Each structure stands twice: as C-alpha cells, then as structure tokens.
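Just so it is clear, none of the values below were taken in a lab; they were calculated from the coordinates. None of these values were measured; they are calculated from a predicted model. FYI the Cβ positions are ideal-geometry reconstructions off the backbone, even for glycines, and counts take in every protein chain you see.
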Amino acid sequence: MNAMTAIAELMGPAAVLTSPEDIAPYAVDWRSAYRGTPEAVLRPSTTAEVAETVKRCAAENLAIVPAGGRTGLSGGAVPQANGPKSVVLSLERMNRIRDIDARDFSLVAEAGCVVQNVQQAAAEAGRLFPIQWGAQGTAQIGGMLSTNAGGIRTLRWGNARELVLGLEVVLPDGRILDDLRRVRKDNSGYALRHLFIGGEGTLGIITAAAMRLQPALKRVETAYVAVPSPDAALSLFSRMMESGAEVIGFELCARFCMEMADRHGVGLRLPLPLESPWFVMLELAAAHASIPLREIMEECLGAAMEAGEVTDAAIAESEAQRQAIWKIREDYPECGRMEGPAVNTDTSVPVSAVPEFLRIAEKEMKARWPEGRMAAIGHAGDGNIHVSLMAPPGMKDRPAWVARAGEMEPLVNAIAVSLGGSFSAEHGIGQSKRHAMAAHKDPVAMDVMRLVKDALDPDRRMNPGKVLP
Ligand SMILES: Cc1cc2nc3c(=O)[nH]c(=O)nc-3n(C[C@H](O)[C@H](O)[C@H](O)COP(=O)(O)OP(=O)(O)OC[C@H]3O[C@@H](n4cnc5c(N)ncnc54)[C@H](O)[C@@H]3O)c2cc1C
C-alpha cells in the first residue's frame, strides 16, 4: 500500500486529493509565476495526523511542500518545477481556534485558521489581533508565521514574529515539538520557535500557535492625504508619531498606483483627485474612547498643510468611509496584476532613507528601462516600499517583460542594501529571492542556516528548492 492509500485509509478520503482538477490550484502560485506538479495534496486534520503524514512521506522518500492560503508572493508554497517527487501538505483542515483568553490577552489557533477569522474571534472577545493586510481573508496563520508576514500595522505591533508566544511544530522526522505555551517570560534556553517563524516550511510544519492579543481599539481616525513628495511624507510621519496618538498605519502610494486602483478596482472610489504625485493613507488609534483623536488628526493635518507637507486631505467621516480607504490599499495588488506584467520587489530601508531610496531607484530605472512604468507603494511607516516596474501599456506577455526588465529586481535590491536595507522585507525568499540570498546575505549567516537545515532536515525533504540558494 503506498502512502496516499494508507493516509486515505487512516484519515478518510478528504485527506488525500489526487485528481488533476483537485490538485491544479495547489500547483501554481498567486502570481502565476511558479508551477510545480505534486503527486498529491494531503490534508490532515489534526497534529497527530500531520506527524503520521510526515512519517509516511519519509518512508517513500517524498518531499513535502507545506501550504496555507497560497497567497505567498515568493513561490514558496508550490513544488519546485523539475524538483524531487513531492506532495503538497495543506493545513486547511486544521482550522480550529483552540483557546481564547481575554484576561491573558492571548489565543491559540491552528495553522489552517484563516487570518481574518482569527481577527474576528479576537474582536468577539473584546480584543485585537493586530496584523492586517490585503490577503487576510485567504492567508492562514501557518503561512503568516512561516513568512513572518508584515502588513499595514507592522509599524505599531511588529511583524508576525512579534505576536507569537509559543508554537507547535511537526519536525521533518515526524516528532512533535510542543512549545505551545502562552507564558510571557521564559528564558529556558534557545527560543526554537523563531527558527520556524520565517522558515517558510523548510525546517518543519507549524500546526498551531499561541499568540498575543491587544486591547480592542475604541477610537480610530483614518485619512487619505495628498503629499508633494516622499520627503514631505516623512515629515508628516514624524509629526504624527509625535502627536501623542498611536500611529497604526502609514502607507505611501505613488499617483501611478492610485491610477491603477482607479482603473481596475471594483467598487473603489478615490477620496481625492489624482492631482498629487504622492498620497498617504494614515490611521491613528486609541484603546480608550476619551482620547481626542479627531482633534489630534485635524490639528496635525492643519499644521502639516501650513508647513507644505500636505496639499489636500480627506478624513473618513464614518466606518464605511474608513473601510473604503483601506479597500483601495488592500485591492491594489490585484489592480496591479490586472494592469499587466510587472517585475516586483519587496525591499525595505530605514524609514529615514525612504525618500533617497525612491529617488535613486527612479533615476536608475528610468535610465535603463524608459519604456517601463515605475510603481511604488508600501508601508512607509516601517520603511518597506514595494517598487515595481510595469510593462508598457498594452504589453501582456509576462515572460517577455521579465526577459527584458528582470534585471530591475537585483538593481533595486542592491540600492536598498546599500542604504542599510533588505531585499526581502515581508514576503520571504521562497523560490524568487534565492539569487538575492546568494548575492547579499552574510556568508557566516548562510553557513549557520545550512547547519541548522542539515541538523533538522538532513534528507532535505522539507520544501526543497526554497530559501537556501
Ligand atoms: C493581495 C495580497 C496582498 C499581500 N500583502 C501582504 C502584505 O502587506 N504583507 C505581507 O507580509 N504579505 C503580503 N502578502 C503575501 C502573503 O499574503 C503573505 O506572505 C502570507 O503570510 C502568506 O500566507 P499563506 O497562508 O497564503 O501562505 P502560503 O502562500 O500558503 O505559504 C507561504 C510559505 O509558508 C509555508 N507554509 C505555509 N503554511 C505553513 C505551515 N503551517 N508550516 C510551515 N510552513 C508553512 C509555505 O510552504 C510557503 O513557503 C500579500 C499577498 C497578496 C496576494
């Protein structure tokens, strides 16, 4: 009996997908840039079943590619084309919230929980699960942690890593590492969970996580403002950070990005005319209703206008208007995808270097690919700007554009690194950034990573062809 038959017998038919139609969605990534051919998709529903699945796959020398919501942007959840024989191990049936404790400000969720469902469960308990980004309705906790996702609130509550108190992980040899503790202080040796957070499934399979919650937000003020330049946006950022309110979102968007949102977005309405070269979406929040947030927002924006940092502003007057502003940001990646092929980056620099980064990137890109269209949008409040080079209008052939302008990515990575930044801010390495690891990562760090990989996964069965060059 082979592994698939044995797993189906043990765990039921829902645990194994083998027909080409069922497997097809797991064989391609969100951007349709990577394709692979898994032998099957395995869908265990408990931690014990994940462990058993891993052992059965090991016995047949099958590589394992863990998959969450498959919204990753680096090709990590898709088997490598021409890679070793592999299965996709989807966590989608492990979708229970095991515990939620408002007094402890924590919850325990299984890896297959959709991020938005965890946000809702926290809200129902009067708490905030603070991470937020465009794919939260599909991305899962396991994927979120394995990519150490960021999003629009990283500037206030950090990346996914900062939310984690403990983890449960199935190791490549099938053993279960039980570190699922909600305790805040524990200095008992190496913090092993940090190997798996951001590990992109190359060291083990996350099956559940204990995570921090925050007090629910009682007041939120959101604005969409026009700014003359990234320098002006940076001054506005300092002003807001010094205002006494919590700044929980600060997104910088080039006009071209807002034009694409306007062109392709369904049900999107831009709050201001497309007359400014740059726009900022910003959000202030407070956990107590008595904080005069509206006054703070108006006062700061008024002073910023006098100082020339802001040329126009629209403050959300209702929850519906607030959501409409964030919908523009969250739907933007899909709008960009509809515009046409692009070469994308996921760079970060120190916040103070954002204007210089954009200046250099624009100059270099214009000089080399004058026919391309530069798009820049990102979480300026934490220094993570996504610069893309879109194909000329009407060009639909992705491989042709990548062949022509693919060198833009290493160029922009190098600019970010030269300014003290990173070539991989929040999307991970997957398949798409391995060349950048080889180019920029400290050789000693690479050495240690290989030692860790060899120690935990000596047969290299976990997500082969990802992360390590
Ligand atoms: C529209 C859109 C907007 C986005 N915006 C942002 C953003 O603002 N910030 C941001 O950080 N990201 C963003 N992303 C990227 C993506 O949503 C995140 O990387 C997300 O964390 C991936 O979660 P997922 O469940 O879809 O993971 P998947 O894509 O399924 O997997 C990602 C990686 O994690 C591994 N993995 C998945 N589950 C497990 C597990 N249980 N154990 C071990 N390894 C596992 C996979 O093998 C793969 O290497 C965006 C994506 C889209 C499509």
Checking the cross-link filter: which aspartates and glutamates have an alpha carbon closer than 14 Å to that of K453, excluding same-chain neighbours under 8 positions apart?
D173, E200
The helix 293-306 Cα axis meets the longest alpha-carbon principal axis of the chain at an angle in degrees, between 0 and 90 and rounded to 10, of 60
For a label point 7 Å from the Cα of D22 along Cα→C-beta, name the residues of segment 108-127 whose backbone N is under 20 Å from it.
112
Separation of alpha-carbon centers, segment 263-308 and segment 424-462, rounded to whole Å:
40
Relative to the first principal axis of the alpha-carbon coordinates of the chain, what is the inclination of helix 255-264, with its axis defined by its Cα atoms, in degrees from 0 to 90 and to the nearest 10?
60
Give me R322, R359 ranked fewest to most by other Cβ atoms within 10 Å of their Cβ, as a rough exposure proxy.
R359, R322
Quick one: compute the contact order of the chain, relative version, from alpha carbon pairs under 8 angstrom and 6+ residues apart, as a percent.
15
D454 to D104: FRET efficiency via 1/(1 + (r/R0)^6), r the Cβ-Cβ distance, R0 41 Å, to the nearest 0.05?
0.60
Whole-angstrom Cα spans of the chain along principal axes, big to small
74, 55, 44
Describe numerically, in nm with one decimal, the distance between label points set 7 Å from Cα along Cα→Cβ at A59 and at Q214.
4.7
Using the 10 angstrom Cβ neighbour count as an exposure proxy, how do T138, T154, T47 rank, fewest first?
T138, T47, T154
Going down the list K218/K466; K185/K218; K218/K441, which pairs span over 31 Å between their C-alpha atoms?
K218/K466; K218/K441
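I need the fraction of alpha carbon pairs in segment 347-469 separated by more than 22 Å, rounded to a whole percent.
43
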List, in order, the whole-Hz ³J(HN,Hα) value for each residue of segment 401-413 obtained from phi through the Karplus relation with A = 6.51, B = -1.76, C = 1.60 and θ = phi - 60°; use x for Gly and Pro.
5, 5, 4, 7, 10, x, 5, 4, 5, x, 5, 5, 4
Report the local net charge at A232: Lys and Arg +1, Asp and Glu -1, summed over other residues whose C-beta lies under 13 Å from its C-beta.
-3
Rounded to two decimal places and with Rh computed the Kirkwood way over Cα pairs, what is Rg over Rh for segment 290-389?
1.04
Segment 97-215: spread of alpha-carbon positions along the three principal axes, whole Å, largest first, is 38, 29, 26
So, counting K/R as plus one and D/E as minus one, what does the shell of residues with Cβ under 11 Å around S348 add up to?
-3
So if I take the centroid of the Cα atoms in segment 42-96 and the same for segment 124-187, what is the distance between those two points in Å?
19
Report the per residue volume, in Å³, of the convex hull enclosing the C-alpha atoms of segment 208-275.
179
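Per residue, what volume in Å³ does the Cα convex hull of segment 3-90 take up?
85
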Packing-based ranking, highest mean first, of 308-314, 409-415 given that Cβ atoms within 10 Å are counted:
409-415, 308-314
